[in-house]
Amino acid sequence: MLVEALALSAVLFSIGVVGVLTRRNAIILFMCVELMLNAVNLSFVALSTLYGAAGQVFVVFTMTVAAAEAAVGLAIIIAIFRHVKTVNLQNINLLKG
Amino acid sequence: MQPNLFHPLAYTFTFYFFGLTALASAVAFVTRKSPVAAAMWLVNVMFCLAGLYVMLDAQFIGAIQVLVYTGAIMVVFLFVIMLLNLGHVSDLLDARGKWGQLIGLFLGLGLLAEVMALNRHNTIERMIPPDLAAKAAEAASRSAAGGVIGPIAAPLFKEYLLAFELTSILLLAAIVGAVVLGKRRTNAR
C-alpha cells in the first residue's frame, strides 16, 4: 500500500497547488495550504512504515507548525479585512502603491 | 510493519475507499464557491486521511489528526469565515479567469507528473538501502510491545528534544502575534 499512499499524497498536494493558483479567496487559499501540509503528512506516515517511527514524530511537528500558521494567518486576514472589507485577493493591492 | 487484523482483500478495499473518498472530497473542496462548503469538504478529506493513518499503523497520528486538524484548526477557519460573514455574491465569484485557471491546471498537472515520476515503484525500491529496511522492520517488531505511543514518544523526547522545545517557542510567538494582529487599535495613529 506504500506506493498507493505516496501516489495519493502526490495527487492531494497537486490539488492543493491548483487551488492556490486558481482561487482568490484568501481563506480558501489558506485551506489549500492546509491540504498540502496534509498530503505531506500522509507521505511521512506512509514512509514511516519502512523507516521507523521518526516520520510520525515529524508529523507531530508539522501539525504544530500548521496550527501556528493558521492562527497567525487568520489574524492577518482579519486585520486586512478591517481595512479593505474584503478577503478577495484581487482587491487587496496596497503594495502596488 | 506490525501485522494487522484485516483480511488482505478487505484491507485493500478499505484503503482504496478512504483514498478515493479523500481524492473526490479534495476535488470538491477546490471547486466549491462557498467557503463554508469548501471547509466542510476539507474536513471530509482530513477524516479520510485519519482513516488511512490508522490503516498504515499510525493510530496515534490518526487520533491527533481528528483532534487537532478537524477539531481545532478547521473550527478556527469556520469561526473566521462566519465572523467575516463571507456569503455575498461578490465574494463568491473568486476564481481567476479562464486563462488563469488553465495555467493553474497545467502547472498542477506538470507538478503531478514530476512527483509521480519520482514515486514510481522501482524508484522507491532503489532509494531504500536494504539494511535500513531490515533494521526498521526489526525495530518495529521490537517496539510493538511498547504500544502505539511509545515508539513516537521515545524519539520525540530524546532525539528531537531540541526541536520539541523550539516548538513551544514557536507556539508562544504565534499566540503573541495573533493577539497583537487581532487586537483592535483604540487610538488609531
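The values are calculated or read from the model by the stated rules, or taken from the named source; none is laboratory data. Given the structure is predicted, the values throughout are model-derived calculations rather than measurements. No Cβ is skipped: glycine too gets one built from the backbone with ideal geometry, and neighbour counts run over all protein chains shown.
Per-structure values
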quantity: Top-ranked residue of the stretch A:6-37 - restricted to ones that are out of contact with any Gly (no Cβ under 8 Å at 6 or more places or on another chain) and among the small types (Gly, Ala, Ser), ranked as surrounded by the fewest Cβ atoms within 10 Å (Cβ to Cβ); calculated: A:7
quantity: Candidates B:50, B:26, B:10, B:38 - the one that is over 22 Å from residue A:56 (Cα atoms) and under 12 Å from the mean Cα position of the chain (by Cα); calculated: B:26
quantity: Where residue B:63 falls short, out of the listed (1) surrounded by 20 or more Cβ atoms within 10 Å (Cβ to Cβ); (2) under 14 Å from the mean Cα position of the chain (by Cα); calculated: (1)
quantity: Residue in the stretch A:33-41 that is in a helix (DSSP H, G or I) and over 12 Å from the mean Cα position of the chain (by Cα) present; calculated: no
quantity: Odd one out for residue A:69, checked against (1) charged (D, E, K, R); (2) more than 16 Å from residue B:80 (Cβ to Cβ); (3) touching a residue at least 24 places away in the same chain (Cβ under 8 Å); calculated: (2)
quantity: Qualifying residue in the stretch B:52-67 (condition: assigned to a helix (DSSP H, G or I), at pLDDT 90 or above and under 18 Å from residue A:29 (Cα atoms)); calculated: no
quantity: Pick from the stretch B:29-42, criterion assigned to a helix (DSSP H, G or I) and surrounded by fewer than 18 Cβ atoms within 10 Å (Cβ to Cβ), ranking: modelled with the highest pLDDT; calculated: B:40
quantity: Residue among A:65, A:3 that alone is under 17 Å from the mean Cα position of the chain (by Cα) and either within 7 Å of another protein chain (Cβ to nearest Cβ) or in a helix (DSSP H, G or I) (or both); calculated: A:65
quantity: Number of the exception - residue B:81 against (1) more than 10 Å from chain A (Cβ to nearest Cβ); (2) crowded, with 20+ Cβ neighbours inside 10 Å; calculated: (1)
